[in-house]
Amino acid sequence: MASIVKKIIKGKPYYYARECRRVNGKPKIVWQKYLGRAADIIGAVRHATSPQEADVIEYGLTAALYDLALTLGLVSLIDRHCPKREQGPSIGQYMLIAAINRCSQPRSKNKIGQWYSSTALRRLMPLAVSALSSQRFWDNMSLLDREKIRAIERDLAKALVEGEGIGLDCLLYDTTNFFTYIATETDSLIPQRGHNKQKRDDLKQIGLALLVSRDFHVPLFHDVYPGDVPDSVEFAGVIEDLTSRLSEISRDCQGVTLVFDKGNNSADNIRRCGDCHYVGALMPGRHMDLLAVPLSQYQDVSEGWKAYLTKKNVFGKEHTICVTWNEEFYRSQMYGLRLQLAKRTKKLDALSRRLCERRQGVIRSGPKPRVAVVNRYVRKILKGQHMKETIKFSASQEGGDVLFEYKVDEEAISRIASIYFGKSILFTDREDLDAGGIIRTYRAQYQVEDAFKQLKDSHHVSFTPVYHWTDDKIRVHAFYCVLALTLSSLLVRRLHKAGVAISPQEMYTQLSDIREVLLLYPQSGGKSKAVTMISKMNPVQSELFKVLDLSRFAHS
């Protein structure tokens with residue numbers, strides 16, 4: 001049974017809590033804890049029951065990302081390429097704060113100081129909040145030019161390969177764009193109107209090219225380019241820089257395989273790949289001879305996948321060609337075709353009904369229909385892939401009326417499906433890959449697509465909104481957004497290597513909810529005593545906390 005005992009030491013009373021039990025029939029103290037003097041006990045009881053106030057800050061995600069930055073030596077790496085006099089935060093500190101903010105709660109530069117004060121960064125990177133004003137951020141962003149960003153990214157890529165073991169055997173390249181609300185009259189060259197992948201052609205957009213690893217899409221190269229530049233033109237402009245970067249971070253470029261989509265194809269671009277191997281895709285409609293090969297000549301590769309291997313001269317040299325057929329892809333394309341047919345036939349039925357009502361005298365107003373007008377309207381309805389081949393129609397004049405008929409050609413649907421659906425045409429210069437290897441290598445392209453999904457997430461690792469309108473600031477904005485993606489990808493990778501399989505979104509949710517709580521207890525003399533603790537964690541959070549060893553950064 002536990003009890004409190006008093007001991008007199010050097011004439012002063014001290015109290016202990018202890019528990020006695022009988023061991024082998026004899027009383028023995030099995031547990032004892034020092035409690036202090038009477039005033040300490042009274043104060044502890046008072047403080048434990050009546051805190052004066054509490055301060056709650058975000059801890060888990062901030063500490064985890066900060067730890068990664070320490071491992072990479074990110075701040076010192078940036079400062080080495082962009083030194084400044086010792087006045088306020090360094091460029092590396094500004095960029096790290098901006099990157100962690102993008103991962104956590106994207107804010108404008110005007111609000112980033114307020115966000116900083118609500119996170120563990122105020123303790124891990126103690127800075128004057130006044131130094132994080134929008135003007136101070138802009139002043140320091142001006143010190144980073146394009147060449148310094150390239151040099152920083154080159155050294156960071158080396159650190160990722162050598163220190164983190166990021167593999168270079170398969171690297172994925174792709175481009176995307178981000179619409180902005182930058183004013184039309186702005187003179188910047190990067191924001192331009194173009195074909196926007198989010199259907200916002202009415203707004204100026206920014207193009208981003210990205211090279212990532214197959215291993216958790218860790219960025220190794222990026223480029224910001226004008227929004228009206230086609231993908232293939234951008235690829236032609238950066239491929240030599242990209243291969244040069246790979247030569248600097250890899251001793252053997254012949255061990256590197258680049259994967260890119262069909263929008264980047266050209267003989268010049270293939271030639272510019274240099275010593276790097278590559279796997280790409282061809283436009284199916286330009287290779288009807290390959291599409292005409294019957295499925296009976298394909299080999300089974302894996303469940304749902306078939307492939308036909310051959311050789312063909314494309315882009316000025318002979319390549320290994322792999323024509324693939326996938327059952328799930330076939331079904332999705334067939335479903336898509338049927339869906340589009342249903343939309344068109346609904347409109348054609350409405351047209352037929354109106355013409356019939358005109359003949360029956362139900363509709364009397366308006367101009368009389370003419371065959372040319374009906375044909376033009378129907379051709380507009382049938383815009384879209386395979387629509388004209390699968391829907392046949394006729395319109396003829398009969399007195400003052402137009403007779404209209406249409407039908408869906410099922411034989412044409414079967415013919416189109418057998419030729420096109422479920423198929424992709426891949427090409428590579430690698431002689432050592434079988435059909436399965438070519439397919440697996442090209443399908444790794446989803447990693448760069450996942451990277452773009454993260455950059456377009458409005459909550460974490462978000463590229464938008466872009467609060468800048470000058471080209472120099474936009475380049476720096478893209479730089480710290482890619483840094484945010486790098487830290488995010490490495491954090492997910494670190495957890496997976498420790499046996500914790502978790503999506504980036506779930507990781508953010510769980511880590512962000514780990515809070516540091518500061519309790520302030522009143523003491524005599526108007527002073528306060530601070531007690532810091534970590535908020536109560538669920539099982540997932542407890543596992544993340546333990547695996548990432550976040551207790552190292554907790555307030556002692």
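Read the figures in this text as sums done on the coordinates, not as results from a lab. Remember, predicted model here, so these are calculated numbers, not experimental data. For neighbour counting, all protein chains shown are included, and Cβ atoms are generated from backbone atoms with ideal geometry for every residue, glycine included.
Magnitude of the Cβ-charge dipole of the stretch 320-466, K/R +1 and D/E -1, about the Cα centre, nearest 20 debye?
Dipole size: approximately 1280 debye.
Identify the GluC sites (Glu not before Pro) of the stretch 106-190 meeting these criteria: DSSP loop state and at most 13 other C-beta atoms within 10 Å of the C-beta.
On the way: sites: GLU147, GLU153, GLU162, GLU164, GLU185; in loops: GLU164, GLU185.
Counting only loop positions with at most 13 other Cβ atoms within 10 Å, the GluC sites (Glu not before Pro) in the stretch 106-190 are GLU185.
May I ask for the Kirkwood hydrodynamic radius of the stretch 85-200, worked out over all distinct Cα pairs and given in angstroms to one decimal?
Radius from the Kirkwood sum: 17.3 Å.
What number comes out for the charge environment of LEU548, summing +1 per Lys or Arg and -1 per Asp or Glu over other residues with Cβ under 11 Å away? It would help to have the intermediate numbers written out before the result.
On the way: positive: ARG494, LYS546, ARG552; negative: ASP67, GLU543, ASP549.
Local charge sum for LEU548: 0.
Of LYS343/LYS423; LYS456/LYS546; LYS197/LYS380; LYS306/LYS383; LYS199/LYS388; LYS262/LYS317, which sit over 20 Å apart, Cα to Cα?
On the way: LYS343/LYS423 25 Å; LYS456/LYS546 30 Å; LYS197/LYS380 23 Å; LYS306/LYS383 32 Å; LYS199/LYS388 25 Å; LYS262/LYS317 17 Å.
Among LYS343/LYS423; LYS456/LYS546; LYS197/LYS380; LYS306/LYS383; LYS199/LYS388; LYS262/LYS317, the Cα-Cα distance tops 20 Å for LYS343/LYS423; LYS456/LYS546; LYS197/LYS380; LYS306/LYS383; LYS199/LYS388.
Mind putting a number on the dipole of the chain about its Cα centre? Charges go on the C-beta only, +1 for Lys and Arg and -1 for Asp and Glu, and I need it in Debye to the nearest 20.
2660
Please say if the stretch 329-419 is rounded, prolate or oblate, where rounded means a/c under 1.5 for a ≥ b ≥ c the square roots of the C-alpha gyration tensor eigenvalues, and otherwise the choice is prolate for a/b larger than b/c and oblate otherwise? Each step should come with its number before you reach the end.
Working: a/c = 3.02, a/b = 2.53, b/c = 1.20.
In terms of gyration-tensor shape, prolate.
Hey, fewest Cβ within 10 Å first, where do THR186, THR320, THR180 land in order?
THR186, THR320, THR180
Of ASN375, TYR406, MET334, which is farthest on the positive side of the dipole of the stretch 329-419, counting Cα position, with +1 on Lys and Arg Cβ, -1 on Asp and Glu Cβ, and the Cα centre as origin?
Ranked along the dipole, the leading option is ASN375.
Which one, (i) 75; (ii) 60; (iii) 46, gives percent of Cα pairs over 33 Å apart as derived from the coordinates shown?
Only one listed value fits the structure, namely (ii).
Would you mind ranking HIS477, HIS287 so that the residue whose beta carbon has the fewest other beta carbons within 10 Å leads the list?
If I rank by nearby Cβ atoms, fewest first, I get HIS287, HIS477.
Can you sort ARG354, ARG344 by how many other beta carbons sit within 10 Å, fewest first?
Listing ARG354, ARG344 from fewest to most nearby Cβ atoms yields ARG354, ARG344.
Please name whichever of GLY384, ALA444, ILE416 sits farthest to the positive end of the charge dipole of the stretch 359-449, dipole taken about the Cα centre and charges placed at Cβ: Lys and Arg +1, Asp and Glu -1.
Most positive-ward Cα: GLY384.
List the aspartates and glutamates whose alpha-carbon lies under 19 Å from that of LYS6, not counting same-chain residues fewer than 8 positions away?
Once the sequence-local aspartates and glutamates are set aside, what remains near LYS6 is GLU19, ASP40.
Please report how far the C-alpha centroid of the stretch 332-374 lies from that of the stretch 238-305, rounded to the nearest whole angstrom.
45
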